[in-house]
1. What total accessible surface area, summed over both chains, is buried at the interface between chains C and A, computed with a 1.4 Å probe and given in Å² to the nearest 100?
2. Given C-alpha coordinates of the range A:250-341, what is the ratio Rg to Rh with the Kirkwood estimate of Rh?
3. Given 0.36 nm per residue, what is the gain on full extension from A:F98 to A:S65 after removing their alpha carbon distance, in nm?
4. With only alpha-carbon pairs counted, each pair once and no self-pairs, how large is the Kirkwood hydrodynamic radius of the range D:90-155 in angstroms?
5. At each listed q (0.13 Å⁻¹), what is the log10 of I(q)/I(0) that the Debye formula gives for chain A modelled as equal alpha-carbon point scatterers?
6. Taking 7 Å along the Cα-to-C-beta vector as the label spot, tell me the B:L145-B:T78 distance in nanometres, rounded to one decimal.
7. Counting only protein heavy atoms and a 1.4 Å probe, tell me what percentage of the range D:252-348's accessible area is made up of carbon and sulfur.
8. On the full set of protein chains, 1.4 Å probe, figure out the accessible area of B:W244 and give it in Å² to the nearest 10.
Amino acid sequence: MTTQQPLIELRHVHRHFKKGRTDIPVLQDISLAVHPGEILCLVGESGCGKTTTGKIMVGLLAESSGEVLYEGQPIHGRGRKDKSEYRRSLQIVHQDPFASLNPSHTIGQILSYPLKRHHLVSNRAELRRRIWELLTLVDLTPPGDIVNKYPHQLSGGQRQRVSIARALSVNPRLIVADEAVSMVDVSIRISLLKTLQSLRDRFGIAVVFITHDLALAKYFAWEGRVAVMYLGRVVEIGSTPEIIGSPSHPYTKALISAIPEADPILTRRKETLPLRSDDIPSLVNIPAGCAFHPRCPFFVPGVCDQEVPALEPLNGYGQEVACIPLTQGMGLSIRESNAAS
Amino acid sequence: MGAIPFRRTDQPVSQPSLWSLSKKLLRSVYRSYIFRVTVQGILTLWVVTTCTFYMIRKMPNNPIEVKIDEFQTKQNLTYEEARSKVAGLFDYDPDAPFIEQYTDYMGNLVQGDLGRSITTGRTPVSQQIAKYLPWTLFAVGLGLLISFVIGMIAGAAMAYWRGTVFDNVMTAFASISYGIPDFVIAFMILLIGGIQLELFQVGDYIGSVDPEIKAGFNPEYIRSLLQHVLLPVTTYVLASVGGWMLTMKSSTISTLGEDYITVAHARGLSQRRILFGYVGRNAMLPLMTRLAISVGFVLSGSIIIEYIFIYPGLGKYLFEMTGKRDYTTIQGIFLVTSAAVVISNILADLLYGVLDPRVRVGSK
Amino acid sequence: MGFLIVVATIPGLVIGLLCGLVPLGVGLRHQQLKWGIVGLVLCALAGFSFSLIGGFIMLVFTTAVVISYAFVDREDPFTSRASIEAVNFEESQLEFLMRQMAALGRTIRQSVRALIRNKAGFLGFIGILFFVGISVFGPLFVEYDGDTHVERLQPGARTLFQKPSSEFILGLDWKGRDIFSHMVHGGQNLIITSIEAGLIATLVAVVVGAMAAMIGGVVDQILSAIANFILTIPQFPLLLVLASILSFSNRFYLALLFAALSWPALMRAVRAQVLSLRERDYVQAAVALDLGLPHIIIREVLPNLMSYIVVNMIFSIRSAMYYIVGLVFLGLVPLEEPDWGVMIYVGRQQGAIFNSDGASMILSPVIAIALFQLSLILFTRSLEEVFNPRLRSGL
Amino acid sequence: MAGKEIVLSVQDLSITYLTRRGRLQAVSHVSFDLHRGETLALIGESGCGKSTLNFGLMRLLPKNANTETGKIVYTDRAGQKIDVLALNTRSLRKFRWSECAMVFQGAQNSLNPVIHVRDMIYDTAKAHGLNNRSEVRERALELFRKVRLDPERVFNSYPHELSGGMRQRVLIALGLLLNPQVVIFDEPTTALDILTQRSILNVLRDLKEELGFSSIFISHDLAVAAEIADTVATMYAGEIVEMGPVNDIFYEPRHAYTLGLMEASPRLSVGREELDGIPGSPPDLVELPTGCKFHIRCPFAIESCKTTQPPLEQASIGHIVACYKSSEVLERGKELRSVSSTARVARLS
């Protein structure tokens, strides 16, 4: 990858949640870096910690241990002004279009608050001009139809656009899109993603795209990278075509082989990777060693259930994978005896 | 937390030491829900007792002064004469240091002794409470039971037929019942029913029982009992049924909207099974805690209703004793009523755990 | 008291009338004569009732409504479909003010429409207006009448009770005094004290509840523990004992006492609400946008809590009234005539229950209290619709 | 498919809701036939009326819904025709579940949270006259095994003790308990994880082969429909705008909306794709546009689309479509396909 300094970097970040008396490790040893203008997709099933990672990136959640660096500097212990700047550079667009806008303000008000608060506009004319601009940027045209409406008067897709405009208002350098299109209709998803892409192209805003839908990740992040997460850890990371085209980690393989395609012949011919178990272990009780080993068809007894695999480079193209048999050159082979048990 | 291994094992190696065993036992006791809430409850009661102890002794006048006043006005005695007369009557020294009174009282309390009433001839407070409590329990408890049952049924019916004339009428009634204070209803019954329309003789319906009828398990006595409890209970029911109806209605409406009700219809279950097994049961869940808490407040009774109908319940007794400044009795009543609230709160939690399997797992 | 009200409202009326000229003028100018006149009348009424401040608020409101009607066709950059270069975003202070007023006016119109739409709620609103109106304006028209109108006892009677007649429409009380004048003058104290009590209780509950939820940790635990503790003690008995300790020379202390005992229930609810609101996505977005805590509390959390708070405030006004009347009724508060609660107490003492002639002495205040409380309850039904922009617009 | 007998026939079904804003046309003039053993997938976006249609088939609509026109004819195993809309309460109750069952989204609250799974099964059986508990239990355990659940454990659990995927399987097993002829699946894999969705899809395929029931499959996910359906119907604004064999619909779409949906769905194994969303948003069902309901968003729209509604017409065998420009749409689709396949070829080489 580039030698450029990453915009935001997580180093060995752990995060626990307390539920009653039990500690739930939601994230374990996450190391990720996002470079300016880059697209990074976090992919995984529910409960894998992708949303938590996103929230830690934008500083909405604190890490339990580890380090979060913004432009190479730790985010904690910054001065007030500095902190505000760092805060504003990292924005988030939430999943639920119905919960992400305050129902009691009009769209104009929602957009004007951050502009006024951070003195991004010097007078009212400029404020109005900027709101107009923001609404146009996210393809909500004509702006006059939107600005005086309340969120309940907009459709889900329009609300998500307002959320994006709100994030844009403070000139961010990174937007975390947390499942931002998963609750939006199929026909509207693509245009929303295109809006996000055009913003990235125009302003060099990095996008962290969190999704459970690999096909969508593939479409959106073709030029970027994909990180696959499983039970609080990143198991594989690499450029999108590599990950989608030739997945290495057994979990990624399983995911990709399991996804149905919008193409009857293709999807019926697809061979799925048989898993040893259909059940996802709970976060309270994560299996020892590689967390995927109880389900992994390539499980090597004595290796996978002993040591927690670390992310290691697999080839020269920056692809990294956390799988001991792979990184130690043992190769993957389905063992009949295991599959039967 | 498994069972504690008190059983002998064959292998001496694994025999745990007594110390570690008792530590384990302590930990498991500490972690158990019952233990925690019991400790919390006792702590609460102690704070209640201490606070009330301090507060009521801060009341202007003390029982002796009140009695002296009474003698002065009634028997035309001078203050000195009255004072000497009263001093012999009461087993209470208002000049004793506060701390001493407190430690004495608490000492007795720990042994389960609520002390003796100051103004009513040194009868034990517990005996006094035992005398008035049944009346309150009977009247208010009966009222709560009736209003709860009616509220449940009517509320569910309103939700089921919502939007119909029946629902509108019942909702209007429930709003009125909920909106009007109990003493208003009491007066309406007495004044309009008893005096203006002369439907009944007021004197026959207030008080506890007809004093001429001998207490005992005979039909006459029971009839009289019911006759006298009729008005307080009616008042209580009319004043509280609206709240139950409205809560049950909204709970039922939200249950009716649940997917599993639609699925139950799709499964072809009978209307009755859906109504009782699916709608009723689930809609009642949130109300059970409220019921348990209301049960806790039954003991403190309904002072105003009891006062209006001259019903000899605990509430009315508390009011009288407050007037006389009978410290120990006030104290005792507060302790008992607060204890009832604490216990019913615990019961509410446990009950909810039994009724709702989701909570049962969560509390572990 | 009556004198004070007259002193306060006469200048208020004049000011209100003067202020009312503004909406009238605006109305004339924009060919909205009807609304101009309505504005004038409302201003006059408002000035009359609330004196300066109320009149001013009313002035603002009515002007806003008039402007919002006149504003419909105004040129606004945002109604233009031109490209951004072709649009002039400049606007003068006056235009800005007009725009703001128009927005306020629209909100008021929608709220009023929402209020009228819900029949039960509107009925409650009318009821509240009626009782407050009687208590505020009644004394101006009906003089307090503490004189005995019956010289001699009727044969066989021990009291001077008299049934309602054409001369005394609600009859005479035990001393032969006019019940109607007592009713008109006796509500003030009770209503004011209840509202005070409700306000204080709500204020304490909201502040403490929001604090507990926002700060969390030990503060939260301590505040919640105190609330739980107070909830354990049966309220009315405690109030009864406390009321005998503090013999109230001033009704305001009664309000304070009520507030001290009744904040915990609402506090717990507010705490839960704030906790859930705090996790909402839009609050999280405000944190990410670094809008600051004051903004988050005032702009993001409070507006969505408003209807909840106001509804609960009305509930606590209601229960304050119940408790105050209860205490008066039990004779634990120094008697002060004229007062609805005192009428019930004295009426009962003087045997009005057993005297068919005297029923009016108890029934009048009892029915008044019942209707007032019922109005309060019904009114809360509308509030949700008035405060929620979604329901307000009638969808 | 055409040769097989028809199990369920829907003719000209229209359903409206009475709302505060006015009459909401949720389903208008829908007709289709479901053959024995066939899987019909209804695809469309939220609010297109697909769920209403299915509730309407089982007469589970809320009180403010009104079935205005239409006929639902069900043919039972004995060949007897049943008019579902004419059934009285008693026979309707018998009809539900034993003839036509429904599998809801398991992630939602479809199982009563305070009742054991076993009681729900006994309840269902008892409602249809099966009082022999041990027999019912055997049947349920067997079904649980078929949907790859641990039978004994699940049988005695409460719903909240099961994961989303397990709940979905329980619902499937419950749906098949009385061996119905028709099973309606309402988004059965939505909100499930990918691997869980895969195993549910596999289970469904196996079960269908084994038990041979017909099914109506509601989904907004084209990929799932492509995998499981024999026939696909596209719904837009309460109407079926196109219906045909799965390959026809996916490879030769003739309605602009279907084509738009295809173009908006990324495919994983196709390499870099140029996709396009459909502009605008679905119409308000209270104030429906005139003519073809899709014309506002349609790139092919001509004047007549705005004024008159295109009729459903036969385009090829078993393939019907309601679009004036269907041949243009077909051409355009072929063009796009060839572009995307060259892109794929380019990548592979």
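1. For chain C against chain A, roughly 3400 Å² becomes buried.
2. That ratio is 1.00, to two decimals.
3. Values: separation 33, 0.36 × 33 = 11.88 nm, distance 3.31 nm.
Difference between extended and current length: 8.6 nm.
4. 13.0
5. Evaluating at q = 0.13 Å⁻¹ gives log10 I(q)/I(0) of -1.03.
6. The modelled label-to-label distance comes out at 5.9 nm.
7. In the range D:252-348, the share of accessible area belonging to carbon and sulfur is 55 percent.
8. B:W244 has an accessible surface of roughly 20 Å² with all protein chains in place.
The values are calculated or read from the model by the stated rules, or taken from the named source; none is laboratory data. Predicted model, so just to flag it, every value in this text is computed and none were measured. Please note: Cβ atoms are built from the backbone with ideal geometry, for glycine as well, and neighbour counts cover all protein chains shown. We work out accessible area using only protein heavy atoms, side chains counted, and drop any ligands, DNA or RNA first. Shrake-Rupley method; radii C 1.70, N 1.55, O 1.52, S 1.80 Å.
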